[in-house]
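Peer 1: To start, I am sharing the structure in question, which I have written as structure tokens.
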Amino acid sequence: MSKSLGNIKTARSFMDEFNPEILKYMMMSVHYRSISDFGEHAIDQAIQGLARIYSSLAMAEGYLQESGVSPDPAFEKITGEAWAKLTEALNDDFNTPEAFARVFEVVRTFNSQVRRGLKPTPALAAKALSFRNFVVGFGKLMALFQNPAQQFLVEIDDMLLKKKNLLRSEIDAIVAKRTEARAQKDFAKSDEIR
């Protein structure tokens with residue numbers, strides 16, 4: 001790679017094209033002593049990782065409509081153990097990939113216990129609060145996950161649509177047509193639109 005050949009991208013130009021959080025995530029998901037890859041595949045992996053965490057965070061925030069909820073003791077135990085392992089990893093030569101592995105374990109556990117579409121209950125809200133506190137706490141430490149989750153997911157979607165030269169309004173119109181066809185039980189047209 002060479003600046004004279006024009007095949008490099010500065011951090012500023014990267015952040016003009018992508019959300020800055022993607023660059024931070026890419027830098028921290030690899031050990032600082034390792035060679036970092038900033039190619040298309042690494043960008044896609046970073047987007048997938050962030051989307052996975054932010055999707056779970058958005059779901060948790062959706063269940064936190066009730067006020068006065070206290071954290072779930074059982075889930076607090078899970079996040080406490082993860083936080084201890086995470087801290088140990090960071091104290092061991094700032095091993096951020098291992099720290100992110102602990103975060104993804106908590107995400108996996110949360111997603112196995114809480115799903116979209118469940119009736120909001122105080123128990124779900126308590127788990128959601130414990131999960132959100134864990135992710136936001138880790139995020140403050142790493143300067144990540146500080147954006148409103150739903151807003152960040154929309155920004156990522158818009159960025160990916162722009163990259164494919166698509167407009168959200170066109171996609172929404174197609175989805176509306178398909179939904180209308182399904183409502184009218186015209187499954188052939190629905191499949192064609194899909």
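Peer 1: From the Cα gyration tensor of segment 107-194, with a ≥ b ≥ c the square roots of its eigenvalues, which class applies: rounded if a/c is under 1.5, or else prolate if a/b is larger than b/c, or else oblate?
Peer 2: Because a/c hits 1.5 or more and a/b fails to exceed b/c, segment 107-194 counts as oblate.
Peer 1: Within segment 112-178, which trypsin sites (Lys or Arg not before Pro) sit in a loop by DSSP and count at most 12 neighbouring Cβ atoms inside 10 Å?
Peer 2: Passing sites in segment 112-178 are ARG115, ARG116, LYS164.
Peer 1: Computing the accessible area with a 1.4 Å probe over protein heavy atoms, can you report the carbon and sulfur percentage for the chain?
Peer 2: 54
Peer 1: Moving to a separate point now. What is the pair-distance distribution P(r) of segment 88-136, computed from all Cα-Cα distances in 10 Å bins starting at 0, with each bin given as a whole percent?
Peer 2: 23, 44, 22, 10, 1
Peer 1: Using the Cβ atoms and a cut-off under 12 Å, what net charge is assigned to the surroundings of GLU98, where Lys and Arg are +1 and Asp and Glu are -1?
Peer 2: -2
Peer 1: At ALA176 and ARG115, where each label point lies 7 Å from the Cα along Cα→Cβ, what is the point-to-point distance in nanometres?
Peer 2: 3.1
Peer 1: Starting from the exponent 0.38 and prefactor 2.2 Å, build the expected Rg for the chain from its residue count and divide its actual Cα Rg by it.
Peer 2: 1.23
Peer 1: Can you give me the orientation-averaged projected area of the convex hull built on the Cα atoms of segment 48-129, in nm²?
Peer 2: 5.5
Peer 1: Too long at a 22 Å Cα-Cα cut-off: which of LYS162/LYS189; LYS9/LYS140; LYS9/LYS164?
Peer 2: LYS162/LYS189; LYS9/LYS140
Peer 1: Also, I was wondering about something else. For SER4, SER169, SER34, SER190, write out the residues from largest to smallest accessible area, computed with a 1.4 angstrom probe and no ligands counted.
Peer 2: SER4, SER169, SER34, SER190
Peer 1: What distance in nm separates the simple spin-label points at MET159 and LYS189, each placed 7 Å from Cα in the Cβ direction?
Peer 2: 3.8
Peer 1: What whole-number value in Å² describes the accessible area per residue of the chain for a 1.4 Å probe?
Peer 2: About 62 Å² of surface per residue is accessible.
The values are calculated or read from the model by the stated rules, or taken from the named source; none is laboratory data. The shown structure was predicted, so the numbers you read here are calculated from the model rather than taken from an experiment. In this analysis, Cβ positions are derived from the backbone assuming ideal geometry, glycine residues included, and neighbour counts consider all displayed protein chains. SASA here: full protein model, heavy atoms, side chains in, ligands and nucleic acids out. Shrake-Rupley method; radii C 1.70, N 1.55, O 1.52, S 1.80 Å.
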